[in-house]
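K.L.:
Handing you this structure, nothing more for now.
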Amino acid sequence: MQRVFVYIDDFNLYFGLKSKGWKRYYWLNLARLAENLLKPSQNLAMIRYFTSRISTNSVSPGKDKRQATYLEALQTLPDFHIHYGHYLPKKRKCAACGATWETHEEKMTDVNIAVRLLGDAQDNRFDTAIIISGDSDLVPPISDLRNRYPKKNVIVAFPPSRTSQQLRKIAAASFHIGRDKFHHSQFPDRVTKADGYVLERPREWY
C-alpha cells in the first residue's frame, strides 16, 4: 500500500468554498475528505493542516468562535496535525475616495507547508503527497522535492475556484475537488470530544 500524506492549505480551501457560497460545507471532516481522494492502493498515513487563528477583532462577529469550534472538532481526528501561521494587520486605501481601513493578511502557510513537505520526504514518511491548494508559491518546494526524490509523487488537489497552471505543470497529477466530495465529507451536526464535551455545527453553516 502506498503511504499518503495530505497537506491542506486552509486559507486557500476556505476561500474556495466561500467563493462558491458553499457555507453548508464548512463543517468539513478533513479526514473523510482525504480518504475520499485516495485510490484503493493507497493508505492515509497523516494529514497536516495549515491555518492561522482569526483575530477577535474580526469584522465578522463570532467568526473567531466558529473557527475555534471547528478546530476543536478537527482535533478529534486521528493522525491529524495542525500547524499555525499568523495574521498581520494591513492598511488598505480606496483609490477613488481615499478612505482607509485595516484588514489582516495570513502569513507563513506556504513556508510551513514547504518545510513539512520537504522534511517528511527526507525522512521517507510518505510515497505520495496530496497538496490541497491552488497557491503557486508552492511550486519551488514541489519542484525541489521531485528533483531530490523522483520516486515520490506529488499530486495537487485544487479547491473550488482555485487553480494554477504552474502547479499543474510541476505536479505528477492534478485535479479539482468536486462538490460531491465535500457533500460526502461532513462531520455530523454534533461531534463529541474525548472528555465528553459536545461540539455543535455553527448555525451559520447550515
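K.L.:
For segment 132-149, what does the Karplus curve 6.51 cos²θ - 1.76 cosθ + 1.60, with θ = phi - 60°, yield as ³J(HN,Hα) per residue in whole Hz, taken in order and with x for Gly and Pro?
P.N.:
For segment 132-149, the Karplus-derived couplings read 8, 5, x, 7, 5, 5, 8, 4, x, x, 5, 4, 5, 4, 5, 6, 7, 10 Hz, x marking Gly and Pro.
K.L.:
Per the Kirkwood formula on distinct C-alpha pairs, the Rh of segment 132-206 is how many angstrom?
P.N.:
Working: mean 1/r = 0.0666 Å⁻¹.
Taking every pair of different Cα atoms in segment 132-206, averaging 1/r and inverting gives 15.0 Å.
K.L.:
5 Å is the cut-off here: which amide hydrogens, built 1.01 Å from N in the peptide plane, fall below it relative to H83, excluding neighbours closer than 5 in sequence?
P.N.:
Long-range HN contacts for H83: Y49, F50, T51.
K.L.:
Right, here's the next one. Size of the dipole of the chain about the Cα centre, Lys and Arg at +1 and Asp and Glu at -1 on the beta carbon, nothing else charged, in debye to 20?
P.N.:
480 debye
K.L.:
Using only alpha carbons, build the gyration tensor for the chain and give me the equivalent ellipsoid semi-axes, biggest first, whole Å.
P.N.:
Details: eigenvalues 157, 107, 49 Å².
In descending order, the three semi-axes are 28, 23, 16 Å.
K.L.:
Let me ask something else. Step through the table entries K18/K151; K151/K193; K23/K193; K152/K193; K18/K193; K20/K65, compare each Cα-Cα distance with 32 Å, and write down the pairs that go over it. Don't skip to the answer; put the middle values down first.
P.N.:
Numbers: K18/K151 36 Å; K151/K193 39 Å; K23/K193 23 Å; K152/K193 35 Å; K18/K193 27 Å; K20/K65 23 Å.
Where the Cα-Cα span goes over 32 Å, the pairs concerned are K18/K151; K151/K193; K152/K193.
K.L.:
Go through 125-135, 108-118 and give me the packing order, highest mean Cβ count within 10 Å leading.
P.N.:
Working: 125-135: 22.3, 108-118: 18.9.
My ranking of the peptides, most packed first, is 125-135, 108-118.
K.L.:
Let me understand segment 106-165 better: what is its radius of gyration from the alpha carbons, and its Dmax, in angstrom?
P.N.:
Over segment 106-165's Cα set, Rg and Dmax evaluate to 11.3, 33 Å.
K.L.:
Suppose each label sits 7 Å from its Cα in the direction of the beta carbon; what would the T192-L118 distance come out to in nanometres?
P.N.:
Output for this residue pair reads 4.5 nm.
K.L.:
List the trypsin sites (Lys or Arg not before Pro) within segment 1-85 that fall in a DSSP loop (any state other than H, G, I, E or B) and whose Cβ has at most 14 other Cβ atoms within 10 Å. The partial results should precede the final answer.
P.N.:
Working: sites: R3, K18, K20, K23, R24, R32, R48, R53, K63, K65, R66; in loops: R53.
Of the trypsin sites (Lys or Arg not before Pro), the ones in loops of segment 1-85 whose Cβ has at most 14 other Cβ atoms within 10 Å are R53.
K.L.:
Heavy atoms only, probe 1.4 Å: what % of the accessible area of the chain goes to carbon and sulfur, would you let me know? Before the final figure, lay out each step's value.
P.N.:
Values: 5400 of 11150 Å².
Reported share for carbon and sulfur atoms: 48 percent.
K.L.:
So, for the chain, what is the accessible surface per residue at a probe of 1.4 Å, expressed in square angstrom? Write out the running numbers ahead of the final one.
P.N.:
Details: 11150 Å² over 206 residues.
Per-residue value: 54 Å².
The values are calculated or read from the model by the stated rules, or taken from the named source; none is laboratory data. Quick caveat: nothing in here was measured; it's all calculated off a predicted structure. When we count neighbours, we look across all protein chains shown, and the Cβ atoms used for this are built from the backbone with ideal geometry, even at glycine. Just so you know, the surface numbers come from the protein's heavy atoms only, side chains and all, with ligands and any DNA or RNA stripped out. Shrake-Rupley method; radii C 1.70, N 1.55, O 1.52, S 1.80 Å.
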